[in-house]
Structure formats: C-alpha cells, structure tokens
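One structure, pasted below without further comment.
What follows draws every value from the coordinates through simple rules; no lab data is involved. Quick caveat, the model's predicted, so the values are computed rather than measured. Methodologically, a virtual Cβ is constructed for each residue, glycine included, from the backbone with ideal geometry; neighbour enumeration extends over all protein chains shown.
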Amino acid sequence: MNDCLFCKIIAGQIPSKKIYEDEHTYAFEDIDPKAPTHVLIVPKKHITGLKEATREEAEIVGLCHLTAAKIGRERGIEDGYRTVLNVGPKSGQSVFHLHVHLLGGRDLRWPPG
Ligand code: 5GP
Ligand code: ZN
C-alpha cells in the first residue's frame, strides 16, 4: 500500500530501529515508547488491522505474536510483558497497518486504560 507509514518503514523508505526481520514479519522500536521495551511487530504484507484480517492471513497474524514472544525471550522480560493490538479509532489505533505492541520491562497494570 503506497501511502502506508509502516509499509514505508518495512521498505526502508522511512528509517526505523530494526530489532528483527524474517520472511513474514518485521519488528522495530516504537518512536514514542510507553515502557522500557516497546517494540512494534508488523506483517510485511499490508493488513489494515485485526478486524480486516482474513482467515488466509491467520498464520501471518500468529507469526507476528510469535515474533513478539521471541523478542520477549531475548530481552529477558518473560516475567511479565504484554502484547496489544489496538483495533479501531476508539482504541487509539492511529496507524492502519496491523501491528502488535510488545510492552515490558516494568510493572503493567490491569485493566489497561
Ligand atoms: P497505534 O496507536 O496505532 O496502536 O500504534 C501506533 C504506534 O506507532 C504508536 O505507538 C506510535 O508511537 C508509533 N509510531 C508512529 N509513527 C512512527 C514512526 O514513524 N516510527 C516508529 N518507529 N513508530 C511510530
Ligand atoms: Zn502498510
């Protein structure tokens, strides 16, 4: 998708602090971190968000979560991290390319705001 911020980041047209990349997923530091670890994991394929994802995209959505788990393991934050998908404008979704937030490295309150 031409005008998508995260597609441009994946393509290297906009710089990012890359953490990890494989065939299907790309992970990079959030520009405005809300925790000591705040990584965004995105599918390389443009998917607008969770509610737009199709059954054919189930594997790729799952792989984004497994990339988050891998980074959580590597960062040594397995005593408590959170994966979050904001879905729709009322949730705070501001970028319409599906992304998993990986938040950790501090105590996380429940329920989230
Ligand atoms: P959302 O609010 O859609 O769930 O999450 C979008 C996230 O993208 C936010 O946490 C925001 O800080 C991050 N973000 C927005 N623009 C950029 C950017 O240009 N680079 C990076 N690395 N993160 C960004
Ligand atoms: Zn995109």
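Could you go through the range 20-30 in sequence order and give the Karplus-derived ³J(HN,Hα) for each residue, using 6.51 cos²θ - 1.76 cosθ + 1.60 with θ = phi - 60°, rounded to whole Hz, and x for Gly and Pro?
Result, rounded to whole Hz: 6, 8, 9, 4, 10, 10, 9, 10, 8, 5, 5.
Here is a follow-up. Given the Cα-Cα distance of Ala53 and Lys18 and 0.36 nm per residue of separation, how much length would full extension add, in nm?
Working: separation 35, 0.36 × 35 = 12.60 nm, distance 2.43 nm.
Net length gain for the segment: 10.2 nm.
What are the residues whose amide H is under 5 Å from the amide H of Tyr20, where those residues sit 5 or more places off or on another chain and H is modelled from the backbone?
The answer is Ala27.
Go ahead and collect, in residue order, the members of the range 91-109 whose backbone nitrogen is under 15 Å from a label point 7 Å along the Cα-Cβ direction of His65.
Within reach of a label on His65, which here means backbone N under 15 Å from a point 7 Å along Cα→Cβ, the range 91-109 contributes 99-103.
I would also like to ask the following. Put +1 on the Cβ of every Lys and Arg and -1 on every Asp and Glu Cβ in the chain; which of Pro33, Ile71, Ala58 then has its Cα farthest towards the positive end of the dipole?
Projecting each Cα onto the dipole axis, the largest value belongs to Pro33.
For a test of the definition: using alpha carbon positions, the gyration tensor, and the 1.5 limit on a/c, classify the range 5-104 as rounded, prolate or oblate.
On the way: a/c = 1.30, a/b = 1.25, b/c = 1.04.
Judged from the Cα gyration tensor, the range 5-104 comes out rounded (a/c under 1.5).
When the Karplus curve 6.51 cos²θ - 1.76 cosθ + 1.60 is applied with θ = phi - 60°, which whole-Hz ³J(HN,Hα) does each residue of the range 6-11 get, with x for Gly and Pro?
Ordered by residue, 3J(HN,Hα) equals 6, 4, 5, 5, 4, 6 Hz.
Lysines within cross-link reach of Lys34: Cα-Cα under 22 Å, excluding same-chain residues under 8 positions apart?
In chain and number order, the partners are Lys17, Lys18, Lys70, Lys90.
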